[in-house]
Amino acid sequence: MIRKRAAGFLGLAMAAGALVQAAPATASTTDAAAVPFCQLVLGSTTSGGDLIVRGLYGVSPPGASPSTWGGKDLLPDNQLRVASGIGTQTNAEQTGEGRRQYVVLGSTLNLLTYTANGFPSEVDPSTVKRTPIGGGWGDVRYLESSRFNRDSTLVRQNMYAVLGDNIVRWNVVDGTSFSRKTSYAGFSAVKTMTLISQTAAYDTFLASTRAGALYTIRIPLTGKPVVKVVRRSTWQGFEALVANSCGEKTIVVGVDKETGAPYLYEFGHANGTATVIKAFGKVPRTFSEVAYSRLFQDNQAYEQLFGE
């Protein structure tokens, strides 16, 4: 079921309305059950506040769908600093979806919500809403929301941010009510992170450092973070990491914003330095957007991450 939703989004991303470039012959999304490789639906937000949707495929060499518009003028020009994943909820008629995403505009955290009548575009401009949550977010270098569900029932939601030396977590109620702020010090070396695992008791992130090391950081609801080395070098080139579940494996794209080069990897179940990493190579695209996000149904348990 994890692949069913992703493949549907990718198939529509390959339909009419593509911006540029064709899908590789090695990648097909005609039958999700028959697709023998991991997939990631990537949402990329431009400096002009537009959303671009791309499908990435874990094959050698890596594949990518055409780029399609996921919505235009969702954000004001040149204000976006960081963004969370993009959660979607399909409507009862299966004709469209609501979307929500946390974004830092200037120094203010906002909840962006809107309705898309069709997949993945046809955004209804009248539904685009940016709800300010609070200020002081201008120096945040990573942002993510984790919603843990049992079936379609929300059990908990937590917001995470990397700010200075700290990873900070909040409890979130009703999308915009933040409470029980908890800070964990000792993470000044973290360059960026991506969420790879969710349970009722903890969230786990894959984090890269400025020196090039790669770690998993498990943050429990109670107690201290558990940090494990995955690799000790060579990962310093990525300003953004985005992950998606593939059973107990994880597909990860790393984006070098200086060159625009994206690279695709498949991680086995996280287990410290014993973690198996398969490098697919450079994705045949050049990225130039400000922020990169996973698109997923955030009100369904089968869309949760199981990387650790």
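Things worth noting here:
- Some residue of the stretch 159-180 being open to solvent by 50 Å² or more (accessible area, probe 1.4 Å), of a type in the set (Val, Ile, Thr) and without any contact (Cβ under 8 Å) to a residue 12 or more places away in the chain: no
- The listed residue being open to solvent by 40 Å² or more (accessible area, probe 1.4 Å), farther than 27 Å from THR88 by Cβ and at pLDDT 95 or above, out of ALA211, ALA201: ALA211
- Residue count, the stretch 117-157 (criterion: among the hydrophobic types (A, V, I, L, M, F, W, C), over 16 Å from ARG169 (Cβ atoms) and modelled with pLDDT of 95 or more): 1
- Of the listed requirements (1) buried (at least 21 other Cβ atoms within 10 Å of the Cβ); (2) more than 20 Å from the chain's Cα centre (by Cα); (3) under 27 Å from THR46 (Cα atoms), PHE187 misses just one: (3).
- Residues (in a loop (DSSP other than H, G, I, E, B), among the hydroxyl-bearing types (Ser, Thr, Tyr) and closer than 19 Å to VAL53 by Cα) located in the stretch 77-133: SER84, THR95, SER121
- Comparison of LYS249, LYS228, LYS257 shows that the only residue that is open to solvent by 60 Å² or more (accessible area, probe 1.4 Å), under 17 Å from the mean Cα position of the chain (by Cα) and farther than 25 Å from ASN110 by Cβ is LYS249.
- Boolean, TRP69 is within 20 Å of ASP203 (Cα to Cα), assigned to a strand (DSSP E or B) and aromatic (Phe, Trp, Tyr): no
- Options ASP77, ASP50, ASP73: the member that is touching an Asp or Glu at 6+ places or on another chain (Cβ under 7 Å), open to solvent by 10 Å² or more (accessible area, probe 1.4 Å) and on the phi < 0 side of the Ramachandran plot: ASP50
The values are calculated or read from the model by the stated rules, or taken from the named source; none is laboratory data. Quantities reported herein were computed from a predicted structural model and do not represent experimental measurements. Every residue, glycine as well, gets a Cβ built from its backbone with ideal geometry; the counts of neighbours run over all protein chains shown. The protein model used for the area step is the full one, side chains on, heavy atoms only, and it has no ligands, DNA or RNA in it. Shrake-Rupley method; radii C 1.70, N 1.55, O 1.52, S 1.80 Å.
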